[in-house]
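Since the structure comes first, as structure tokens, the remarks are kept for the end.
The values are calculated or read from the model by the stated rules, or taken from the named source; none is laboratory data. These numbers come from a predicted model, not from an experiment. Backbone-built Cβ (ideal geometry, glycine too); neighbour counts: all protein chains shown. Side chains are part of the model used for accessible areas, which takes the heavy atoms of the whole protein and leaves out ligands, DNA and RNA. Shrake-Rupley method; radii C 1.70, N 1.55, O 1.52, S 1.80 Å.
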Amino acid sequence: MGLMDGKVAIVTGAGRGIGRGEALLLAREGARVVVNELDAETGRAVVDEIAGNGGEAALNTDDCSDDDGARRLVEQAVETFGGLDALVNNAGIVRDRTLVKMTPEEWDAVIQVHLRGHYAPTHHACAWWKEQGRPGHVVCTASTSGLLGNFGQANYGAAKAGIAAFATIAAMEMWRYNVTVNAIAPAARTRMTEGAYGSIDAGEGFDFWHPDNVAPLVVYLSSDASSHISGKVFGVQGNVVELYQPWTSFGEIVNDAGRWEPSDLAERVDSLFEGFPIAKEATNGMARLRYTMTQRG
Ligand SMILES: NC(=O)c1ccc[n+]([C@@H]2O[C@H](COP(=O)([O-])OP(=O)(O)OC[C@H]3O[C@@H](n4cnc5c(N)ncnc54)[C@H](O)[C@@H]3O)[C@@H](O)[C@H]2O)c1
């Protein structure tokens with residue numbers, strides 16, 4: 001018995017890295033999987049690997065950030081496997097550059113693949129679940145770069161923070177239709193991170209940064225075992241699962257006379273920082289990460 005027995009799942013960008021591990025584990029847990037991947041060769045290899053393990057999978061090579069492509073992707077799951085139970089939005093790219101050097105093309109490409117790449121398949125999957133009156137699960141892929149900020153990733157971090165917000169709001173709208181929408185912020189050694197950090201040593205013993213470590217949480221969030229959880233953001237690295245607190249306010253100042261004068265704010269705003277772990281100056285939120293690829297082997 002697997003957590004996904006009899007279910008149908010889509011994973012976008014499933015040809016390599018984290019998405020590949022998600023597709024393989026969903027299949028091992030009993031799901032029939034539509035492997036969406038722009039790079040047909042790597043996508044085909046994952047489909048073949050699933051079949052070789054005794055599972056069922058189909059390849060889709062549409063761009064998941066294209067509205068027609070995303071519609072075809074959902075239709076393919078329904079037509080090939082008779083329905084859809086889970087959508088894992090995983091496809092992603094990076095175009096790292098400091099803001100001043102970043103071109104509009106680098107900005108647009110990242111926003112397109114991540115934000116539209118989440119919106120479009122989720123839109124079509126949710127429309128199908130609502131129309132059919134069937135429950136569903138969506139797992140979105142955010143990042144600590146968005147939740148905490150990361151130098152050189154204004155485009156990627158903005159998209160990833162947007163994805164966390166997207167999951168929160170889609171969850172609110174879809175809760176009444178028995179559809180859950182959660183997000184993960186993973187970290188793993190993949191082609192994407194090798195571009196940023198260089199190759200990361202696998203180390204000895206448990207391979208903390210192996211991309212397949214992300215999949216168990218994603219399978220759980222894709223299954224009916226997690227039907228009571230929605231609109232949440234989880235961190236997942238190695239053998240650790242974290243729960244992120246949403247944006248929240250720490251303190252407040254109130255002007256008893258009504259609307260603030262800018263000059264009064266100049267006197268009072270500093271008091272907001274007193275007693276709270278927030279620095280006034282620009283900081284590197286990633287420095288607060290418990291596990292970083294460059295500091296942990
Ligand atoms: N690796 C990490 O440490 C890390 C950290 C935080 C977030 N993430 C996120 O996890 C996800 C997977 O990343 P990864 O590290 O496995 O990257 P990866 O580059 O190894 O794999 C991403 C896959 O997505 C595919 N893809 C890209 N655009 C696509 C599109 N429009 N349609 C279909 N497929 C497309 C690529 O061809 C590639 O096979 C991404 O959303 C990434 O931003 C990764």
Could you check the spin-label model distance between Q245 and S263? Points 7 Å from the Cα along Cα→Cβ, value in nm.
3.7 nm
Charge tally in the Cβ shell below 15 Å around L3, where Lys, Arg are +1 and Asp, Glu are -1, L3 excluded:
-2
Hey, what's region 139-260 come to in accessible area per residue, 1.4 Å probe, Å²?
50 Å²
Paired Rg and Dmax values of the chain, which use every Cα atom, in angstrom
20.5, 72
Rounded to whole Hz and in sequence order, give me ³J(HN,Hα) for region 268-283 from the Karplus expression 6.51 cos²θ - 1.76 cosθ + 1.60, θ = phi - 60°, writing x for Gly and Pro.
9, 4, 4, 5, 4, 7, 5, x, 10, x, 10, 7, 6, 7, 4, 10
Under the 0.36 nm per residue contour assumption, what length would be gained going from the current alpha-carbon distance of T103 and W175 to full extension?
22.1 nm
With 0.36 nm assigned to each residue of separation and the Cα-Cα distance removed, M1 to E274 gains 92.9 nm
With every protein chain in place, region 162-297: carbon and sulfur % of accessible area (1.4 Å)
52 percent
Quick check: Cα centre of region 185-227 to Cα centre of region 54-123, how many Å?
19 Å
Is the C-alpha gyration tensor of region 217-297 telling us rounded, prolate or oblate? Criteria: a/c under 1.5 is rounded; beyond that, a/b larger than b/c is prolate, otherwise oblate.
oblate
Stretch gain in nm, segment T283-D256, where the contour uses 0.36 nm per residue and the Cα spacing is subtracted
6.5 nm
Alpha-carbon centroid distance for the pair region 136-183 / region 14-52, whole angstrom:
22 Å
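Can you give the net charge of the other residues whose Cβ lies under 15 Å from the Cβ of A51, counting K and R as +1 and D and E as -1?
+1
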With no solvent and one equal point scatterer per Cα, compute the Debye intensity ratio I(q)/I(0) for region 74-199 at 0.10, 0.11, 0.13, 0.22 Å⁻¹ and report its log10, rounded to two decimals.
-0.35, -0.42, -0.57, -1.20
For a quick protection proxy, order the peptides 213-222, 171-180 by their average other-Cβ count within 10 Å, most packed first.
213-222, 171-180
Just to confirm, what accessible area per residue do you get for region 36-123 at 1.4 Å probe, in whole Å²?
48 Å²
